[in-house]
Amino acid sequence: MLQALDGVEAAYYLVHGLDSADFEAQERKAAREFAAAARERGLTRLIYLGGIVHGDDLSPHLRSRREVGEILRASGVPTVELRASIVIGDGSASYELVKTMVRYLPTVVAPDWLDHLAQPIAVDDVVEYLIAALVVPLDGDATYEIGGAERMRYRDLVNEVARRLDRPERRFTLPTPPVPAVPAQLASLLPDDMLVPLHLLESLRYDSDVRDDAALRDFELRPLGLAAALDAVDG
């Protein structure tokens, strides 16, 4: 890793690993190694894409995202952390999960995450934020919450995607008691290709709306709303 950073002034950290039961330990180890290498090579800026977190009661996925940001900021290298809400676009695992639910589940059995808040952001806007983070004025470290132009509930997002895919509006079944988070014992028994959606489903139980508007203050970018973000995907 040290050799890969030779002659580099700024580096992006976009590494996420949800495809194993012990992903938290793996992400922690990778972030520490990268942070140490960046410090040793004298980098002047790190840019990390994580996820929006509110409070301390978090899913393992969101808890790990936050911890990776903390590790990078503790490196001594000035760090810009972009915490994104659900990303809309090709390659976004969360967006692919929503589409899969729409396509194959006429009735969505869901816990209270349907009524949690999100602020879906177009993948192109995320890329623009990442590019702009190279030059945003920085005094030490900075953390920004980034989302699209609209705050909404997950049920509204699911139904808008259903409409775009010519599927009927989802019928949501809310069990009592609510569906629990995925137990660690179950995750340890599942094949790797099942773990990513399960970890993401856990995280849908937490709000991911933007509550700090610092990104709108420090960046010139004005993100798209959901309709425009979906238009960009459809186009």
(message) Can you give me the accessible area per residue for segment 17-97, using a 1.4 Å probe, in Å²?
(response) 38 Å²
(message) Show me, for segment 37-53, the HN-Hα J-couplings you get by feeding each phi into the Karplus relation (A = 6.51, B = -1.76, C = 1.60, θ = phi - 60°), rounded to Hz, glycine and proline as x.
(response) 5, 5, 5, 5, 7, x, 4, 9, 7, 10, 10, 10, 9, x, x, 5, 10
(request) Between Arg28 and Asp166, take the C-beta separation as r, use R0 = 45 Å, and let me know the FRET efficiency to the nearest 0.05. (result) 0.55
(request) State the Cα centre-to-centre distance between segment 42-75 and segment 127-171 in whole Å. (result) 18 Å
(request) Would you please give the residues with an amide H less than 5 Å from that of Tyr206, counting only those at least 5 places away or on a separate chain, with H modeled from the backbone geometry? (result) none
(request) Name all residues of segment 127-149 having a backbone nitrogen under 18 Å from the label point set 7 Å from the Cα of Ala232 along its Cα→Cβ direction, giving them as ranges. (result) 127-134, 145-149
(message) What does the net charge come to around Arg45 if you take all other residues with beta carbon closer than 15 Å to its beta carbon, with K and R at +1 and D and E at -1?
(response) -2
(message) Under the rule of at least 5 residues apart or a separate chain, name every residue whose amide H is placed under 5 Å from the amide H of Tyr13.
(response) Ile47, Tyr48, Leu49
(request) Taking H placed 1.01 Å from N in the peptide plane, check which residues at least 5 places from Ala149 or on another chain put their amide H under 5 Å from its amide H. (result) Leu224, Gly225, Leu226
(message) In whole percent, and with a 1.4 Å probe on the protein chains, what portion of the accessible area of segment 12-52 is carbon and sulfur?
(response) 51 percent
(request) Grab the Cα-Cα distance for Tyr104 and Glu220, subtract it from 0.36 nm times how many residues apart they are, and report the gain in nm with one decimal. (result) 37.8 nm
(message) Between Glu128 and Leu14, how high is the FRET efficiency from 1/(1 + (r/R0)^6) when r is the Cβ-Cβ distance and R₀ = 22 Å? Nearest 0.05.
(response) 0.90
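The values are calculated or read from the model by the stated rules, or taken from the named source; none is laboratory data. Predicted, not measured: the structure shown is a model, and the values here were computed from it. In this analysis, Cβ positions are derived from the backbone assuming ideal geometry, glycine residues included, and neighbour counts consider all displayed protein chains. Accessible surface areas use protein heavy atoms only, side chains included; no ligands, DNA or RNA. Shrake-Rupley method; radii C 1.70, N 1.55, O 1.52, S 1.80 Å.
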